[in-house]
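Notes follow once the structure below has been shown.
Readers should treat all values here as calculations from the given coordinates under stated rules, not as data from a laboratory. Predicted model, so just to flag it, every value in this text is computed and none were measured. Glycine gets a Cβ as well: all are built from the backbone with ideal geometry, and neighbour counts include every protein chain shown.
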Amino acid sequence: MLRHIVLVSFKPEATEPQLAAWRAAVTNLCETSEEVLSFTLGTNVGSGPNHHDAALVADFADMEAFRRYVSSDGHKAYVEDHAKHLTAKLSAIQHEM
């Protein structure tokens, strides 16, 4: 089992409608991907200089499933249509469980 964790900070000029579209796109991508076994998506409720705005935690069967997910047309479209325009900073890791 592989866990993928993504922390995102949005650009200051991102609007609420853009952020809502981003959340919907991430949710749709994870719900429709055959590779994603489970996921959670949430926005930060705290504050601090090192905090990010949102987090995604997604589980995959293995590294090969994760690689298929990242290279899929759906993920590529999400990056082009949403992530590139709104993301100021992104941190990600994958770890085995």
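Points to keep in mind about this one:
- Projecting label points 7 angstrom from Cα along Cα→Cβ for ALA92 and ASN50 puts them 2.3 nm apart.
- Couplings for the stretch 35-46, taken from phi via the Karplus curve 6.51 cos²θ - 1.76 cosθ + 1.60 with θ = phi - 60°, read 7, 7, 7, 7, 7, 9, 9, x, 9, 5, 9, x Hz in order; Gly and Pro are left as x.
- Angle between the chain longest axis and helix 16-32 axis [Cα atoms, degrees, rounded to 10]: 10 degrees
- By the compact-protein rule of thumb, 2.2 N^0.38 Å, the alpha-carbon radius of gyration of the chain corresponds to a ratio of 1.06.
- For the chain, averaging the sequence separation of C-alpha pairs within contact (under 8 Å, six or more residues apart) and dividing by the residue count gives a relative contact order of 51 percent.
- Straight-line cross-link reach from LYS76 at under 19 Å between alpha-carbon atoms covers these lysines, not counting any fewer than eight positions away in the same chain: LYS84, LYS89.
- ASP53 long-range amide H proximity, modeled H, under 5 Å: VAL8, SER9, PHE10
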